[in-house]
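> Would you mind keeping the following structure in view while I ask a few things?
Every number in this text was worked out from the coordinates using simple rules, so none of it is lab data. Everything quoted here is computed from the prediction, not taken from an experiment. Backbone-built Cβ (ideal geometry, glycine too); neighbour counts: all protein chains shown.
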Amino acid sequence: MKFSKSQKLYEKGLVNLVGAVNSPVRAFASVGGNPLFIKKAKGSKIIDVDGNEYLDLVLSYGPMVIGHRHKKVQKAVHKALKNGYSFGASTENEIKLAKIVCDAFPGMDKVRFVNSGTEAVLSGIRLARAFTGKDKIIKFSGCYHGHQDALLVAAGSGLATLSLPGSLGVPEGAVKNTLIAEYNNLESVKAHFENHDDIAAVIIEPICGNMGVAIPQDNFLKELKDFLTSKGALLIADEVMTGFRSKFGGAQELLGVEADITCLGKVIGGGFPVGAYGARNKIMEKVAPLGGMYQAGTLSGNPIAMAGGISTLTELKRQNPYQKFDEIGAILEVILLETAKKYNVDLVVNRFGSMMNPFFTKNQVTNFKDAQTSDTKKFAVFFWEMIKNGVFLPPSQFEAWFLSSAISEKDIKIFANAVDKSMLAVSQ
Ligand code: PLP
């Protein structure tokens, strides 16, 4: 397999782009080697500039849930393009997408569209503070909620990949109202409430994908919600990754928990830049122009992104692939575990529906500390062998792998063959 054109573009990219990328994890820093440059994608596959084709388990870090370049999405976007790209005024499609989203999440009477998951979360946090009149927020270590200052502490995703405890440039004052708890540990949340009486909300990835996949144990989420209600604090579900992916109604539908504020992104734009936050009327009424919480956006509700979102969600609802996701996910999990056993490699696989990933460790992974016991050097070997055998994975131990409904039986064979070669390489 040749990567010479990617290599050339990488060198060229270094001149005017930082690390030749526009998002750090794309730089392949934790697996070594240089990033691949992508030319195009279709269905379950992605093709790099050297013409190498891969089964894509990155899927743009989640959004491409019905596969790349779905015909219906392309048609809807082409149609929207003909009418113009941005008006700075309202369009009917914003109302249509808002209805699809609010119907899927019973705890959302109203929604506000923004342009990314980061924006959705920073607005959701502001809203929690506006509604409760309190300042402090609890987040869980290993959860990632975008790159707003207040939440760039003990974060997963790219920070975990780069082993950064936080980010340069974030002033102490920006994180002084952020408290850290441990995922799956309600006592660690309760302890903060014993010491502080000004906690507005707890933000959580209800199924975490940013320390790798970590799953809420037992009744953790329900108990968390009940506890917060008893304290007059809000639960913010960051469903940027899980919204419309775990189930059409996100992790909340699956786990039977209703958050006070929900943040969305990724799938709701079908690959176009969209984020959203929503809640019941009494909370959303705080947002301008109804209330005093200011939040705005030049391109928010962008007509092309709305068309991408409506067509993706409509097709996703029609396909209802959630059972298929679970079945295929289970097959991939078994392939990973049995091949690891065959080559005597210590491996734990965490999976929730269409989100999964392996950790090269003996320990069960239920929180960030557990995740960090994974042997990232082994992951790096595994990653490159998977690439060489036609499977594109996130270039980090601490990112979830995703499935799309475009995945086929043939793709599963490609995966099994690649895992066999890669696990063998890890064992040597
Ligand atoms: N929240 C979660 C759970 C995420 O996984 C991400 C991104 O991966 C974000 C927020 C930030 O979203 P974006 O990258 O669109 O700003």
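> For the range 238-359, take the convex hull of the Cα atoms, compute a quarter of its surface area, and give me that in nm², please.
Projected area, direction-averaged: 9.7 nm².
> Here's a follow-up. What net charge do the residues around Gly265 carry, taking every other residue with its C-beta under 13 Å from that of Gly265, with Lys and Arg at +1 and Asp and Glu at -1?
Neighbour charge sum, excluding Gly265 itself: -1.
> In whole angstrom, and with the biggest value first, how far do the Cα coordinates of the range 380-428 range along each principal axis?
33, 23, 13
> Across the range 342-356, in residue order, what do the Karplus-derived ³J(HN,Hα) couplings come to in whole Hz, using 6.51 cos²θ - 1.76 cosθ + 1.60 with θ = phi - 60° and x for Gly and Pro?
4, 9, 6, 9, 6, 8, 10, 10, 9, 8, 9, x, 8, 10, 7
> How large is ³J(HN,Hα) for each residue in the range 78-93, as worked out from phi by the Karplus curve 6.51 cos²θ - 1.76 cosθ + 1.60 (θ = phi - 60°), to whole Hz, x for Gly and Pro?
In residue order, the calculated couplings are 4, 4, 5, 4, 5, 8, x, 9, 6, 10, x, 8, 6, 10, 5, 5 Hz.
> In addition: Say we join alpha carbon atoms closer than 10 Å with springs in a Gaussian network model of the chain; which of Ile125, Ile137, Ile335 then has the biggest fluctuation?
Looking only at Ile125, Ile137, Ile335, the largest GNM fluctuation is found for Ile335.
> Related question: What list of ³J(HN,Hα) values in whole Hz, one per residue of the range 321-334 in order, does the Karplus curve 6.51 cos²θ - 1.76 cosθ + 1.60 (θ = phi - 60°) give from phi, with Gly and Pro shown as x?
Calculated HN-Hα couplings, in order: x, 5, 5, 4, 4, 5, 5, 5, x, 5, 5, 5, 4, 5 Hz.
> Can you give the net charge of the other residues whose Cβ lies under 9 Å from the Cβ of Gly67, counting K and R as +1 and D and E as -1?
+2
> Can you tell me what share of the DSSP beta bridges in the chain is antiparallel? A percent to the nearest 5 is fine.
55 percent
> With the contact rule set at Cα under 8 Å and sequence spacing of 6 or more, what percent relative contact order holds for the chain?
Averaging sequence separation for qualifying contacts and normalising by length gives 23 percent for the chain.
> Hey, rough spin-label estimate for Phe87 and Asp326, points 7 angstrom out along Cα→Cβ, what's it come to in nanometres?
4.2 nm
> For the range 71-319, give the magnitude of the charge dipole about the Cα centre (Cβ charges: +1 Lys/Arg, -1 Asp/Glu; no others), in debye to the nearest 20.
The dipole magnitude comes to about 1080 debye.
> Given points 7 Å out from each Cα along the Cα-Cβ axis, report the Thr373 to Gln148 separation in nanometres with one decimal.
Calculated label separation equals 3.4 nm.
> Choose one answer from Gln372, Gln397, Gln319: the residue with the largest mean-square fluctuation in a GNM of the chain with alpha-carbon springs under 10 Å.
Of Gln372, Gln397, Gln319, the Gaussian network model singles out Gln319 as fluctuating most.
> Would you pull out the residues with amide H under 5 Å of Glu399's amide H, same chain only if 5 or more places away, H placed 1.01 Å from N?
Gly212
> Could you pull out every residue, at least 5 positions away or on a different chain, whose amide H is within less than 5 Å of the one on Ser116? Hs are placed 1.01 Å off N in the peptide plane, and Pro or chain starts have none.
It is Gly275, by chain and number.
> What residue among Ala181, Gly309, Met284 has its Cα farthest toward the positive end of the dipole of the range 71-319, where the charges are +1 on Lys, Arg and -1 on Asp, Glu, each on the Cβ?
Gly309
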